[in-house]
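Input: a single structure, listed below in structure tokens.
The values are calculated or read from the model by the stated rules, or taken from the named source; none is laboratory data. What you see is a predicted model; the values in this text were computed from it and never measured. All Cβ positions, glycine included, derive from the backbone under ideal geometry; neighbour counts span all protein chains shown. All accessible areas refer to the heavy atoms of the entire protein, side chains included, with ligands and DNA or RNA removed. Shrake-Rupley method; radii C 1.70, N 1.55, O 1.52, S 1.80 Å.
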Amino acid sequence: RPHDKFLLVRHYIIFPLFSLLQKKKNINILHASAVNIDGKGIIFSGLSGVGKSTLSIASVIMDKGLFITDNYLLYDDSKIYPFPEWIRVIDDSKKIMPELNKFFETKKLKKNKKNYYLLPNKLISQKVKPKIFIFTEIGSKCKLKKIKKDYTIKRILLSKDQVKEFPEQNFIALLDLLNQDAKL
């Protein structure tokens, strides 16, 4: 079977690097996407396939934001850090967000029914303090509501069966960081 270069890079370079960052620099990892809009870090978390990547791209392209990360959110007790890699987007995103068609026409890589896009360096953010945490879910309605920390933790623990990439304490540590400035 041919080697999957992306899988090899993740397992032998990226994941060991994350482990070192966590042990030596106290930098946590979370399965999420993030953008910087007007100096505010906005985090999109949730299960795979709910639209975190599409929301990040839309925020950068339509809201004139800066990209922080897709898939791997790195953070410590005060900031979230950029980890720009190829952004993975499923084909349905083109139907959901036709406003992004011009972006979707840019050079991409296709692999396993997903499109991979790379944003130019001028659209990549520096480290920033997180201000907004959005836990995305699939549903028939689109709504935004403010929820309390206890409810958020319950949703995170329920999603643990689906998202096995990172431990749930990383979610909770991020909520503590967000809670330093505002009551959730």
Could you tell me what percent of the accessible area of the stretch 29-118 is made up of carbon and sulfur, with a 1.4 Å probe and every protein chain present? 55 percent
Residues whose placed amide H lies under 5 Å from that of residue 32, excluding near-sequence neighbours: 71, 72, 73
Please compute the length gained on full extension between residue 76 and residue 146, using 0.36 nm multiplied by the number of residues separating them and subtracting their Cα-Cα distance. 22.8 nm
For a quick check: with amide H placed at 1.01 Å from N, whose amide H comes under 5 Å from residue 129's, ignoring anything fewer than 5 positions away on the same chain? 41, 80
3J(HN,Hα) from dihedral phi, the stretch 70-76, Karplus parametrisation 6.51/-1.76/1.60, rounded to Hz, x for glycine, proline: 9, 5, 10, 8, 9, 8, 10
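So for each of 95-106, 78-89 I average, over its residues, the number of other beta carbons within 10 Å; can you give me the resulting order with the highest mean first?
Numbers: 95-106: 12.5, 78-89: 18.6.
The most tightly packed comes first, giving 78-89, 95-106.
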Tell me, what ³J(HN,Hα) does each residue in the stretch 50-55 have, in order and in whole Hz, if you take phi through Karplus 6.51 cos²θ - 1.76 cosθ + 1.60 with θ = phi - 60° and put x for Gly and Pro? 8, x, 4, 5, 5, 4
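Checking the a/c ratio against 1.5 first, then a/b against b/c, what shape does the Cα gyration tensor give for the stretch 15-139? Walk me through the numbers on the way to the answer.
On the way: a/c = 1.67, a/b = 1.49, b/c = 1.12.
It is prolate, given that a/c is not under 1.5 and a/b is the larger ratio.
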Would you please classify the overall shape of the stretch 26-93 from the alpha carbon gyration tensor, given that a ≥ b ≥ c denote the square roots of the eigenvalues, rounded means a/c under 1.5, and beyond that prolate means a/b larger than b/c while oblate covers the rest? oblate
Of 54, 96, 42, which is farthest towards the positive pole of the stretch 39-107's charge dipole, taken about the Cα centre with +1 and -1 on the beta-carbons of Lys, Arg and Asp, Glu respectively? 96
